[in-house]
Amino acid sequence: MTASGPLKVLRALAMPALLVLAWWAVSGSTFYLPSPAAVARAFAETWLSERLVDDVLPSAGRLLAGYALAGLLGVGLGVPIGLSRRLRATLEPVLEFFRAVPPPVLVPLIMLLAGIDTPMKVLVIVSGCVWPVLLNTVEGVRALDGVLADTCRMYGVRGVARLRRFVLPGAAPQIMAGLRQALSIGIILMVISEMFASSSGLGFTIVLFQRQFQIAEMWSGILLLGLLGLVLSLLFRRVERWVLAWYYGSGAARA
Amino acid sequence: MLEISELHKVYVSPGRRVEAIGSVTLSVGAGELVCVVGPSGCGKTTLLRCVAGLLPASGGEVRVNGVPVTGPPPRMAVVFQEYGRSLFPWMTVRQNVELPLKEKRVPAARRRELVAGSLESVGLSDAAGAHPWQLSGGMQQRVAIARAVAYEPEVLLMDEPFAAVDAQTRADLEDLILRLWRDSRITTLFVTHDIDEAVYLGQRVVVLSSSPTTVMEDLKIDLPAGRDQLTTRSLPRFGELRGHVYRQIQRARGHGADR
C-alpha cells in the first residue's frame, strides 16, 4: 500500500471534498445551515481580523498553559505513585473516582474558588487533563520491565539517573498515550470554560454568534475549532514520533 | 573470592511456603570460572539472584572478598538470560555500555577507552551507534557482555545467558566467554541448564539437585585449558565427564520426582 505523493494528497482530500459537496447540496434548505461559500466568507471576515488576537490567541494560550500544567502535574505525581506500591494502594480508588467526575461539572465550583478570569479557565483545563496523564503515567511506571530494573540495581543506576535513563523513557509510551487523550479533553474544556462566564475566547464568541443569529459566523467558529484540533493533533503526532522513535523502531508499538 | 555458605531461600506467600533452596554451599576462587548446572526448575535463577544481592536470602550468607552481600555489590556484574529485556531500547549500544560507567563516575576519557575496548572485544565496534533492537539476539547478548566487561567487575555472574540463542551463535558466544575470561581472569559464576556447555566452559562444574536445592557434586573438569569447540568436544574425557554429569542430573530429577 505505497501510494506516490500526488496520489496520497488526492486520497487525503477526497473525503473532505465529498463532505463539502454534500453540505452544499443540503445547505439553504434551512436558515440555520448556510452554504459552504457563506461560511467561508464569514470565516475570512470573522477570524482573519482582530478576533485572531482578541479571541483565538487567548483561548489557545489558556489551552496550552492548562495542558502543560496538567502534563507536569500528571507525570510529577504519577511517577512516585507508580513506583510505590503502598501509595498506589492508598490512592488508586480515589484517583479513579476523580477521573470519573465529568470535568464540566467542576466549572461552577472552580468559578466559586478561582473567579471567572483566566486562572479559572486554566484550572478547568488542568482539572480535566490531569487524569489521563496521571493514570497512564502510573500504569506505565508500574509496568516497567523487571529485568531492566534489576540491571539498574546491579550497575548502580539510581536516583535521578534512574529516573532519567530508565523510569521516564520506559514509561514514555504510556505517558504519551495519556497526553494524547488529554489534548482532546483540553480542547473541549477550553470551549466549555469560555461558555460559562467570559468576555473573550472561542467558546464565548461562538455562543455570542448563536445568540445574535449570526449563523454563518457561528459555523465558521465551529470550523475553526475543528481545524485547531486537527493542527494540534498533527503537531502532537510529530512530537510523539520523535520522542518515541525507539518505540516505533523496535516494533514494540505493533506488538 | 566468592563464598556461598549454607544459603537457604524460602518463598513465603499467604497460605503457601515454597522452599526453593535447601542449603547451598560453594565457593569460587579468584579468577576461576565455575559452571552451575541442574535440572530445570531447580532454583538456579533464585540462587543467582541471591548471590547478586537482588533477592534477600532466608538463611546463610554470600560473601564477596569477605564482605557479606546485602544488596548488589559494587563490583559485580550480571549478564541476564533475557538479553532483549536487559538492554535499554531507547539508548544506542554505546550508551548502554557507557551508562554504568557514568554512574560509577569513571572519567570521560577512560570511559571512552573502556567502551571502545569492550565493544571491540565482542566484535561489535561497528554497531556502537545502533539501537539494540536493530541487532540480532546473539549480537544483543554480546552488547550485554560488553557492558559487563567494561564495568570491570571482580565477579561476573551469568544466568543462562545463551539459553535463547540458536546453536551456532551459542557456540560462538561460548568461545567469546572463554576468550574474555582467559584475557581478564574475571571470577565467573556461570549458571546453565546445558550440560555440554557447563563441561565445555567450566574449570569446575557444580551439579545442583532439584528443589529444594542442595549441591550434589562439585566436579573438577580436568580438560586441557586451551579449549576448542571441535577438539575439546571430541575428547573421550569430555564424553566421560558429560555422561557423568548427565547421570547425576538424571538422579537429581528422579530424586525430585520421589518427593
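The values are calculated or read from the model by the stated rules, or taken from the named source; none is laboratory data. Note that the structure is predicted; figures quoted are calculated from it, not measured. A quick note on method: Cβ atoms are made from the backbone with ideal geometry, for glycine too, and the neighbour counts reach across all protein chains shown. Note: accessible area is taken over every heavy atom of the protein model, side chains too, but ligands, DNA and RNA are not part of it. Shrake-Rupley method; radii C 1.70, N 1.55, O 1.52, S 1.80 Å.
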**OP:** Scan (1) polar (S, T, N, Q); (2) assigned to a helix (DSSP H, G or I); (3) under 14 Å from the mean Cα position of the chain (by Cα) for the single condition B:Q140 breaks and write down its number.
**Re:** (3)
**OP:** May I ask you to list pairs of residues, at least six apart or on different chains, whose Cβ atoms are under 7 Å apart, with the first in the range B:1-24 being farther than 14 Å from B:S210 by Cα and the second being of a type in the set (K, R) and exposed (fewer than 15 other Cβ atoms within 10 Å of the Cβ)?
**Re:** B:V10/B:R17
Original post:
Which numbered condition trips up A:V9, out of (1) farther than 23 Å from A:Q214 by Cα; (2) in a loop (DSSP other than H, G, I, E, B)?
Top reply: (2)
Original post:
Tell me, which residue of the range A:148-164 that is at the interface with chain B (Cβ under 7 Å from one of its Cβ atoms) and of a type outside the set (D, E) is farthest from B:V79 (Cα to Cα)?
Top reply: A:A161
**OP:** Report, by residue number, each residue of the range A:97-142 that is open to solvent by 50 Å² or more (accessible area, probe 1.4 Å) and over 20 Å from the mean Cα position of the chain (by Cα).
**Re:** A:F97, A:P108, A:L109, A:M111, A:L112, A:L113, A:I116, A:D117, A:R142
**OP:** Return the residue satisfying two criteria in turn: it lies in the range B:138-167 and is more than 29 Å from B:M1 (Cα to Cα) and open to solvent by less than 40 Å² (accessible area, probe 1.4 Å), and of such residues it is modelled with the lowest pLDDT.
**Re:** B:V165
Subject >> 2 or more residues surrounded by 20 or more Cβ atoms within 10 Å (Cβ to Cβ): qualifying helices (runs of 4 or more DSSP H) within the range A:165-249 >> reply: A:168-196, A:202-211, A:215-243
**OP:** Would you mind telling me which numbered condition in (1) among the basic types (K, R); (2) open to solvent by 70 Å² or more (accessible area, probe 1.4 Å); (3) within 21 Å of B:R170 (Cα to Cα) B:K220 fails?
**Re:** (3)
Original post:
What number of residues in the range B:37-52 are open to solvent by less than 10 Å² (accessible area, probe 1.4 Å) and either within 14 Å of another protein chain (Cβ to nearest Cβ) or in a loop (DSSP other than H, G, I, E, B) (or both)?
Top reply: 7
**OP:** Please go through the range B:115-137 and pick out each residue that is buried (at least 19 other Cβ atoms within 10 Å of the Cβ) and assigned to a helix (DSSP H, G or I).
**Re:** B:V115, B:S118, B:L119, B:S121, B:A127, B:P132
Original post:
For the range B:75-107, how many residues meet the condition of being over 23 Å from B:E174 (Cα atoms), at the interface with chain A (Cβ under 7 Å from one of its Cβ atoms) and either open to solvent by 60 Å² or more (accessible area, probe 1.4 Å) or at pLDDT below 90 (or both)?
Top reply: 1
Original post:
Taking the condition within 17 Å of A:D150 (Cα to Cα) and among the β-branched types (V, I, T), does B:V34 pass?
Top reply: no
